[in-house]
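Chemist: Encoded as structure tokens, here's the structure I'll be asking about.
The values are calculated or read from the model by the stated rules, or taken from the named source; none is laboratory data. What you see is a predicted model, and the numbers here were worked out from it, not measured in a lab. Here the Cβ positions follow ideal geometry from the backbone for every residue, glycine too, while neighbour counts run over all protein chains shown. All accessible areas refer to the heavy atoms of the entire protein, side chains included, with ligands and DNA or RNA removed. Shrake-Rupley method; radii C 1.70, N 1.55, O 1.52, S 1.80 Å.
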Amino acid sequence: MYPQPATATVMRSINRSAVLHLIREEGPIARAEIARRLQMSLPTVLRIAEQLQQDDLVRKTGGRTTTGGRPGVLLEFMGDASVVLGVDMGGAKLFGTVADLNGHVHCERFALHPLGSSAAGHLATLIEFCNELIAAAQATGLRIRGAGVGVPGMVAVPDGVVQWAPSLQWRDLPLQAILQERLGLPVFVENDLNLMALGELSFGAGQGARNLVAVAIGTGIGAGIVINGALYRGAHQAAGEIGYLPPSVAALGVHYAGFGALESLASGEGIAERARRQVQQARLPLDPAALTAETVFAAARRGEAWAQAVVAETVDYLSLGLAAICALLDPEIIVLGGGVALSADLLLDPIRRRLEGVIPVVPPIVASPLKRRAAAVGAVMLVLNATSDAMVVSQLR
């Protein structure tokens, strides 16, 4: 089937997106310069600029510039004029922020799901949490532009239907529609790792990049992928499910009902389980049930041989996963987040050494500077994109 030609509505949306993106990235900037850079007519830029001003996304600065012709008014992005609610929803906890469009966080909230929550219970907790964030946002006195919610599962975009989120017991849940009705504001739902990637791209380690992969290593392992400035979700909304990569031929032909092959070994729980086996086999005077990934990393820092062996094996498994990512996608940067990535001091340099010479290019591999905020502030870009047609597009520079 041949692609359909772009309609006038689509072209207007693309032009608006390009203008807003350029003002956001390089403002204050003159309208004539925008027209030149984007190869648009000046009347088109003037019309779009007027619309963006009416939508409280762009303002005149009062300064003027001279480029050989008539002085032109400069335009700048109104990143401080409105706020977005961002929610990173895990199976056990919720983290949320109220942040402006520049990524400045006004406040943040943390909550736990009640033990033994049902699917309905998780939803009720989320709605209550969002209402608390709304109250905090209203206290800023700024316009609430919308809310972005990251969910640990497969999400059908743009409708925001959670197709499957095992840790929340949600299947085919029209979460976006439910939240919009209950909260009374625009809501957009996305996979949590895609939000993490947007957060790193816009406000974290990936600023200035066009191609990146954000990898979360926690209870499970997954990734958000950005290609040419836009999220890549895959044909079945399953791109980035790297926890299912087989780390060896022994993983082939095996049915993994819960965790995937890689995350069963290198996620937080996978690390703890391998440590328990190590302790039991070596008959060490430790309680296997008390071991967690955090205690393993702490013991490795103390120089305990059994823990160092577990960490070295973890480095091997993660290196295999990252090698596959690099060989397939050739990203400019890989950003590691999640609980396990908090021990980046024990992981990053060894992973880089494992990859040198194995793959054609080893990109920078860094720990997330945003840490647990990454997905929540990624909601800023999700909402901005969805409410302003500000699709991230390649710029003609």
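Chemist: Just want to confirm a number: the relative contact order over the chain, from Cα pairs under 8 angstrom separated by 6+ residues, in percent. Numbers along the way, then the final one.
Modeler: Working: 768 pairs, mean separation 73.1, N = 397.
With pairs under 8 Å counted, the relative contact order is 18 percent.
Chemist: Give me the accessible area of residue 60, 1.4 Å probe, in Å² rounded to the nearest 10.
Modeler: The accessible area comes out at roughly 110 Å².
Chemist: Which percent, to the nearest 5, of DSSP beta bridges fully inside the chain are antiparallel? Walk me through the numbers before you get to the answer.
Modeler: Numbers: 35 of 55 bridges.
Looking only at bridges with both residues in the chain, the antiparallel portion is about 65 percent.
Chemist: Could you order peptides 211-219, 336-344 by the average number of other Cβ atoms within 10 Å of their residues, highest first?
Modeler: 211-219, 336-344
Chemist: Go through 270, 39, 341 and say which Cα lies farthest out towards the positive end of the charge dipole of the chain; charges sit on Cβ, +1 for Lys and Arg, -1 for Asp and Glu.
Modeler: So the residue furthest toward the plus end is 39.
Chemist: Ok, one more. Segment 283-330: which chymotrypsin sites (Phe, Trp or Tyr not before Pro) are DSSP loop and have at most 15 other beta-carbon atoms within 10 angstrom? Don't skip to the end; give the middle numbers.
Modeler: Details: sites: 297, 306, 317; in loops: none.
Taking segment 283-330 and a limit of 15 other Cβ atoms within 10 Å, no loop chymotrypsin sites (Phe, Trp or Tyr not before Pro) are found.
Chemist: Return the distance in nm (one decimal) between the two label points of a simple spin-label model at residue 328 and residue 61, each offset 7 Å from Cα along Cα→Cβ.
Modeler: So the label points at residue 328 and residue 61 sit 4.3 nm apart.
Chemist: Where Lys and Arg each count +1 and Asp and Glu each count -1, what net charge lies around residue 365 among other residues with Cβ under 14 Å from its Cβ?
Modeler: Numbers: positive: 352, 353, 354; negative: 200, 330, 332, 345, 349, 356.
Net of charged neighbours comes to -3.
Chemist: Using 0.36 nm per residue of separation minus the Cα-Cα distance, give me the extension gain between residue 143 and residue 313 in nm, one decimal. Walk me through the intermediate numbers first.
Modeler: On the way: separation 170, 0.36 × 170 = 61.20 nm, distance 4.95 nm.
Contour length minus Cα-Cα distance gives 56.2 nm.
Chemist: Another question about this same structure. By the gyration tensor of its Cα atoms, with a ≥ b ≥ c the square roots of the eigenvalues, what is the shape of segment 191-302: rounded for a/c under 1.5, prolate for a/b over b/c, or oblate? The partial results should precede the final answer.
Modeler: Working: a/c = 3.32, a/b = 1.72, b/c = 1.92.
It comes out oblate by the Cα gyration axes.
Chemist: Then there is this: In terms of solvent-accessible area of protein heavy atoms at a 1.4 angstrom probe, what is the ranking of 181, 304, highest value first? Provide the component values of the computation, followed by the final result.
Modeler: Details: 181 155, 304 55 Å².
Correct descending sequence by accessible area is 181, 304.
Chemist: Also: Calculate the dipole size of the chain relative to its Cα centre from +1 charges on Lys and Arg beta carbons and -1 charges on Asp and Glu beta carbons; express the result in debye to the nearest 20. All intermediate terms of the calculation are to be shown ahead of the outcome.
Modeler: Values: 32 positive and 34 negative charges, 172 e Å.
In debye, rounded to 20, the chain gives about 820.
Chemist: Using modelled amide H (1.01 Å from N, peptide plane; none on Pro or chain starts), what sits under 5 Å from the amide H of residue 164, excluding residues fewer than 5 places away?
Modeler: Under 5 Å from the amide H of residue 164: 154, 172.
Chemist: Relative contact order for segment 71-170: what percent, with Cα pairs under 8 Å and sequence separation of 6 or more?
Modeler: Working: 157 pairs, mean separation 30.4, N = 100.
Averaging sequence separation for qualifying contacts and normalising by length gives 30 percent for segment 71-170.
Chemist: What does the C-alpha gyration tensor say about the overall shape of segment 280-396? Classify as rounded when a/c is under 1.5, otherwise prolate if a/b is larger than b/c, or oblate.
Modeler: It comes out oblate by the Cα gyration axes.
Chemist: First select every other residue whose beta carbon is under 10 angstrom from the beta carbon of residue 219; then total the charges, Lys and Arg +1, Asp and Glu -1.
Modeler: Around residue 219, the surrounding residues sum to -2.
Chemist: Among 257, 91, 364, which residue has its Cα furthest toward the positive end of the charge dipole of the chain, with +1 on Lys/Arg Cβ and -1 on Asp/Glu Cβ?
Modeler: Ranked along the dipole, the leading option is 364.
Chemist: Next question. What number, rounded to the nearest 500 deg cm²/dmol, is the helix-based mean residue ellipticity at 222 nm of the chain, given -39500 (n - 2.57) per DSSP H run of at least four residues and division by all its residues? Walk me through the numbers on the way to the answer.
Modeler: Values: 12 runs with 157 residues, N = 397.
That calculation yields -12500 deg cm²/dmol at 222 nm.
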